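First the structure, in the form of structure tokens, and then the observations on it.
The values are calculated or read from the model by the stated rules, or taken from the named source; none is laboratory data. Everything numeric in this text was worked out from a predicted model, so none of it was measured. Glycine also receives a Cβ, built like all others from the backbone with ideal geometry; neighbour counts cover every protein chain displayed.
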């Protein structure tokens with residue numbers, strides 16, 4: 001099987017098996033699996049209202065998946081996108097409090113840029129710890145996420161808290177001129193366009209530029225990168241910065257387009273779901289787009305499962321967890337040569353039926 005076919009077939013099979021196992025899981029709860037699958041489809045793609053919810057959730061998934069995919073192309077496993085997202089949202093909400101921004105597109109761009117810079121610096125910190133201190137980037141980025149969430153709560157509930165937010169601590173709301181509106185009057189905001197453009201642009205950059213090729217060389221064969229004199233550390237930090245900037249932008253977009261301020265609802269798990277999206281897409285920025293839409297649909301269907309079938313709203317997290325385990329398991333099958341295995345299995349019966357001479361016994365003369 002060709003590599004491209006495996007890249008498509010194995011994730012599709014893994015998602016299909018995840019849906020089957022999820023159906024069996026809810027079956028033990030007394031719910032008809034067919035009703036669950038039908039409701040999932042209707043809640044995600046059944047009508048225009050469902051599509052709006054799906055696409056709205058897809059935008060942050062695209063950007064947080066890039067936070068995993070880009071460092072992965074440089075050889076790092078970064079899973080701290082949630083921390084970059086919340087700090088990006090906090091920076092976007094805090095900048096108008098510190099500086100008077102124009103109430104137009106330029107002001108919105110500056111707020112989003114602040115979020116991207118905050119996310120980039122946070123993920124670069126994980127890359128710096130790996131390159132200069134030898135600390136595992138997977139562990140450090142995950143722990144940094146918890147640190148970022150702690151800092152977020154500290155500022156939102158303390159220094160930056162709006163006195164008018166009594167029951168739900170939040171920063172002051174952004175001015176209406178800084179908000180990101182919907183596309184054509186719909187609930188689908190322009191953050192979706194930013195996510196798609198970021199995926200396409202970074203995908204083309206990785207495959208059609210010298211710097212993108214250099215990053216792929218560093219991630220694919222570090223020894224070869226050293227032999228040809230590539231600046232591996234600098235390229236790794238660039239990949240971390242771009243990935244962190246994407247996740248920080250996701251937080252800024254959520255603040256400017258959905259919540260209008262920074263509050264606890266920003267910690268919604270998009271950074272963790274982006275890990276699954278990136279792995280299913282094989283860290284291909286362009287392939288992230290359809291995968292993010294699919295899992296955005298799963299997330300949008302959660303409330304419908306609760307209303308119609310009585311399942312918990314978080315039951316879709318079980319589906320995502322099953323899919324993640326199966327995706328990781330499918331990686332073990334990617335390098336298997338199925339033709340060689342099949343040829344070897346067919347040759348075994350012939351070998352088993354071939355008569356062999358009995359062993360000659362060494363009998364000593366009497």
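Criterion applied to 248, 271 was being in contact with a helix residue (DSSP H, G or I) (Cβ under 7 Å, 6 or more places away or on another chain), crowded, with 23+ Cβ neighbours inside 10 Å and more than 19 Å from residue 105 (Cα to Cα), and the one residue passing it is 271.
Among the residues making up the range 231-249, those that are in a helix (DSSP H, G or I) and over 30 Å from residue 174 (Cβ atoms) are 232, 233, 234, 235, 236, 237, 238, 239.
Do we find that residue 122 is in contact with a helix residue (DSSP H, G or I) (Cβ under 8 Å, 6 or more places away or on another chain), surrounded by 13 or more Cβ atoms within 10 Å (Cβ to Cβ) and within 16 Å of residue 236 (Cβ to Cβ) in this structure? Please lay out each step first, then the result.
Details: in contact with a helix residue (DSSP H, G or I) (Cβ under 8 Å, 6 or more places away or on another chain): yes; surrounded by 13 or more Cβ atoms within 10 Å (Cβ to Cβ): yes; within 16 Å of residue 236 (Cβ to Cβ): yes.
Answer is yes for this residue.
Would you be able to say whether some residue in the range 109-120 is under 18 Å from residue 188 (Cα atoms) and under 21 Å from the mean Cα position of the chain (by Cα)? For the range 109-120, residues under 18 Å from residue 188 (Cα atoms) and under 21 Å from the mean Cα position of the chain (by Cα): present. Restricting attention to the range 221-230, the residues that are without any contact (Cβ under 8 Å) to a residue 60 or more places away in the chain and either in a helix (DSSP H, G or I) or closer than 15 Å to residue 71 by Cα (or both) total 6.
Determine if the range 187-195 includes at least one residue that is touching a residue at least 12 places away in the same chain (Cβ under 8 Å) and assigned to a strand (DSSP E or B). Yes: the range 187-195 contains one or more residues that are touching a residue at least 12 places away in the same chain (Cβ under 8 Å) and assigned to a strand (DSSP E or B). For residue 202, indicate whether it is surrounded by 19 or more Cβ atoms within 10 Å (Cβ to Cβ) and in a helix (DSSP H, G or I). Considered against the rule, which asks whether it is surrounded by 19 or more Cβ atoms within 10 Å (Cβ to Cβ) and in a helix (DSSP H, G or I), residue 202 comes out as yes.
Residues in the range 167-185 that are surrounded by 14 or more Cβ atoms within 10 Å (Cβ to Cβ) and either touching a strand residue (DSSP E or B) at 6+ places or on another chain (Cβ under 7 Å) or farther than 19 Å from residue 98 by Cβ (or both): 169, 170, 180, 182, 183.
Based on what the data block shows, is residue 300 more than 23 Å from residue 188 (Cα to Cα) and modelled with pLDDT of 65 or more? Reasoning before the result, please.
Values: more than 23 Å from residue 188 (Cα to Cα): no; modelled with pLDDT of 65 or more: yes.
Answer is no for this residue.
Here is a yes/no grid of residues against (1) within 18 Å of residue 192 (Cβ to Cβ); (2) in a helix (DSSP H, G or I); (3) touching a residue at least 12 places away in the same chain (Cβ under 8 Å):
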| site | (1), (2), (3) |
| --- | --- |
| 57 | yes, yes, yes |
| 62 | yes, yes, yes |
| 68 | no, yes, yes |
| 94 | no, yes, yes |
| 103 | no, no, yes |
| 108 | yes, yes, yes |
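Answer yes if at least one residue in the range 250-261 is modelled with pLDDT of 90 or more and assigned to a loop (DSSP other than H, G, I, E, B), and no otherwise.
Step one: filter the range 250-261 for residues modelled with pLDDT of 90 or more, giving 250-261.
After this cut, where a residue has to be assigned to a loop (DSSP other than H, G, I, E, B) as well, the list is 260-261.
Yes, there is a match, as at least one residue in the range 250-261 is modelled with pLDDT of 90 or more and assigned to a loop (DSSP other than H, G, I, E, B).
Applying the criterion of being more than 20 Å from residue 20 (Cα to Cα) and in a helix (DSSP H, G or I) to the residues of the range 280-292, the residue that is farthest from the chain's Cα centre (by Cα) is 290. When the range 277-301 is filtered for residues that are farther than 15 Å from residue 198 by Cβ and in contact with a helix residue (DSSP H, G or I) (Cβ under 7 Å, 6 or more places away or on another chain), the ones remaining, listed by number, are 279, 280, 282, 295, 296, 297, 298, 299, 300, 301.
When residues in the range 242-288 are screened for being under 21 Å from residue 205 (Cβ atoms) and touching a strand residue (DSSP E or B) at 6+ places or on another chain (Cβ under 9 Å), 1 of them pass.
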